[in-house]
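J.: Before anything else, here's the structure in question.
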Amino acid sequence: MRCIAIDDEPLALKLLTHYCSQVPSIQLLGAYTDSLEGIAYIRSMQPDLIFLDIRMPDISGIHIAQALKKDTLVIFTTAYREYAVEGFDLDVVDYLLKPFDFERFLKAYDKAEQRFRSSSKTSVPEQVTGCKTVSIKYNYQKIQLPLPSILYIEVFDNSIKIVTPDKIYMPAMTMKTILNLLPETEFVRVHKSFTVAIDKIRSFNSVQVVIDRKKIPVGRNYRKDFLQKMEAMKRENL
């Protein structure tokens with residue numbers, strides 16, 4: 001699950017970040033002590049789950065939760081028990097009363113993961129007529145991911161992240177496996193950790209490519225083949 005954490009207490013945020021790092025299925029996108037900065041990140045990244053403190057100086061977690069999309073999951077983290085009733089009125093996943101240990105954190109996250117699996121966010125993406133897809137297993141479901149939606153693929157631990165404009169998929173497969181499923185005319189490996197969709201490249205040179213403001217390195221061992229492929233495609237389009 002793609003998560004962020006917002007808490008104005010640095011020590012509390014540090015502990016929460018540590019807990020998240022212990023759970024393989026959590027992808028912590030960011031951790032913020034500034035609630036306004038966190039809100040901006042929520043709008044741009046649309047995370048699946050937010051660990052959210054309630055009592056903060058700029059804006060309360062209650063107000064942030066009220067403004068979220070209905071399918072965004074929230075776990076409140078606060079030292080103030082009196083907010084519990086109001087929190088559950090918002091249909092949040094859980095309410096963690098500080099200080100909480102890892103076992104209690106994990107219990108709350110398990111609730112969020114169960115709700116996430118059963119939500120519409122894990123449904124099969126809409127199919128575009130005539131659109132080619134790749135079959136992946138994600139969140140215990142087999143889905144057909146449209147190839148035009150893929151921006152790039154990145155090695156992550158012993159598996160991969162498939163990045164699209166709206167979501168990041170983390171199927172249990174290797175880069176070698178996914179490459180065998182992708183058309184060579186539409187994707188190119190530029191680094192031991194990155195494969196990119198050719199039509200999503202905004203700019204490139206011998207050391208990097210840019211896709212959707214993401215700068216991706218071109219590895220020395222892949223540079224020659226990548227540049228030759230791009231040059232060949234350029235000649236074909238003349």
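J.: Out of all the residues in the stretch 137-148, is one or more over 27 Å from ILE4 (Cβ atoms), in a loop (DSSP other than H, G, I, E, B) and at pLDDT 90 or above?
T.: So the first thing to find is which residues in the stretch 137-148 are over 27 Å from ILE4 (Cβ atoms), and the list is 142, 144, 147-148.
Keeping just the survivors that are in a loop (DSSP other than H, G, I, E, B) gives none.
Within the stretch 137-148, none of the residues are over 27 Å from ILE4 (Cβ atoms), in a loop (DSSP other than H, G, I, E, B) and at pLDDT 90 or above.
J.: Which members of the stretch 165-190 meet the condition of being aliphatic (A, V, I, L, M), crowded, with 19+ Cβ neighbours inside 10 Å and either more than 21 Å from the chain's Cα centre (by Cα) or closer than 20 Å to ARG213 by Cβ (or both)?
T.: VAL188, VAL190
J.: Let me ask something else. What about LEU151, is it over 18 Å from ARG117 (Cβ atoms) and in contact with an Asp or Glu (Cβ under 6 Å, 6 or more places away or on another chain)?
T.: Taking the combined requirement at face value, the residue satisfies it.
J.: Taking only pairs six or more apart or across chains, which ones have beta-carbon atoms under 7 Å, a first residue in the stretch 176-205 that is over 13 Å from ILE162 (Cβ atoms), and a second residue that is aromatic (Phe, Trp, Tyr)?
T.: VAL188/PHE226; ARG189/TYR222; VAL190/TYR222; VAL190/PHE226; HIS191/TYR222; ILE198/PHE187
J.: Taking the criterion of being within 22 Å of the chain's Cα centre (by Cα) and within 22 Å of MET1 (Cα to Cα), would at least one residue in the stretch 215-232 satisfy it?
T.: Scanning the stretch 215-232 turns up no residue that is within 22 Å of the chain's Cα centre (by Cα) and within 22 Å of MET1 (Cα to Cα).
J.: Determine whether the stretch 9-17 contains at least one residue that is in a loop (DSSP other than H, G, I, E, B), in contact with a helix residue (DSSP H, G or I) (Cβ under 9 Å, 6 or more places away or on another chain) and surrounded by fewer than 19 Cβ atoms within 10 Å (Cβ to Cβ).
T.: Filtering the stretch 9-17 down to residues in a loop (DSSP other than H, G, I, E, B) leaves 9.
With in contact with a helix residue (DSSP H, G or I) (Cβ under 9 Å, 6 or more places away or on another chain) added as a condition, the list becomes none.
Looking through the stretch 9-17, none of the residues is in a loop (DSSP other than H, G, I, E, B), in contact with a helix residue (DSSP H, G or I) (Cβ under 9 Å, 6 or more places away or on another chain) and surrounded by fewer than 19 Cβ atoms within 10 Å (Cβ to Cβ).
J.: So, one more: Return a yes/no flag: does the stretch 41-54 have any residue that is part of a loop (DSSP other than H, G, I, E, B), farther than 15 Å from ALA108 by Cα and of a type in the set (Lys, Arg).
T.: Pass one, the stretch 41-54, residues part of a loop (DSSP other than H, G, I, E, B): 46-48, 54.
Subset that is farther than 15 Å from ALA108 by Cα: 46-47, 54.
When the remaining residues are screened for being of a type in the set (Lys, Arg), the result is none.
Taking every residue of the stretch 41-54 in turn, none turns out to be part of a loop (DSSP other than H, G, I, E, B), farther than 15 Å from ALA108 by Cα and of a type in the set (Lys, Arg).
J.: PRO217 passes all but one of (1) within 20 Å of GLN144 (Cα to Cα); (2) surrounded by fewer than 18 Cβ atoms within 10 Å (Cβ to Cβ); which number fails?
T.: Failed condition: (1).
J.: Look at the stretch 161-175 and say how many of its residues are part of a loop (DSSP other than H, G, I, E, B) and either free of Cβ contacts under 8 Å to residues at least 40 places away in the same chain or not assigned by TED's automatic domain parsing to the domain that holds VAL196 (or both). Reasoning before the result, please.
T.: Going through the stretch 161-175, the residues part of a loop (DSSP other than H, G, I, E, B) turn out to be 164-167, 170-174.
Okay, now just the ones that are also either free of Cβ contacts under 8 Å to residues at least 40 places away in the same chain or not assigned by TED's automatic domain parsing to the domain that holds VAL196 (or both), so 164, 171-174.
Within the stretch 161-175, residues that are part of a loop (DSSP other than H, G, I, E, B) and either free of Cβ contacts under 8 Å to residues at least 40 places away in the same chain or not assigned by TED's automatic domain parsing to the domain that holds VAL196 (or both) number 5.
J.: Still on this structure, I have one more. Write out, first by first residue and then by second, each pair whose Cβ atoms fall under 6 Å of each other, whose residues are 6+ apart or on separate chains, and whose first residue, in the stretch 22-46, is more than 20 Å from ASP101 (Cα to Cα) and not assigned by TED's automatic domain parsing to the domain that holds PRO165 while the second is surrounded by fewer than 17 Cβ atoms within 10 Å (Cβ to Cβ) and of a type in the set (Val, Ile, Thr).
T.: SER35/ILE59
J.: On to the next question. Would the stretch 150-162 turn up any residue that is among the aliphatic types (A, V, I, L, M), touching a Phe, Trp or Tyr at 6+ places or on another chain (Cβ under 6 Å) and at pLDDT 85 or above? Step through it out loud before you land on a result.
T.: From the stretch 150-162, those among the aliphatic types (A, V, I, L, M) are 150-151, 153, 155, 160, 162; that's our starting set.
From what's left, touching a Phe, Trp or Tyr at 6+ places or on another chain (Cβ under 6 Å): 162.
Cutting the leftovers down to at pLDDT 85 or above gives us 162.
Among the residues of the stretch 150-162, at least one is among the aliphatic types (A, V, I, L, M), touching a Phe, Trp or Tyr at 6+ places or on another chain (Cβ under 6 Å) and at pLDDT 85 or above, which makes the answer yes.
The values are calculated or read from the model by the stated rules, or taken from the named source; none is laboratory data. These numbers were taken from a predicted model, which means no experiment stands behind them. Virtual Cβ from ideal backbone geometry, glycine too; neighbours counted across all protein chains shown.
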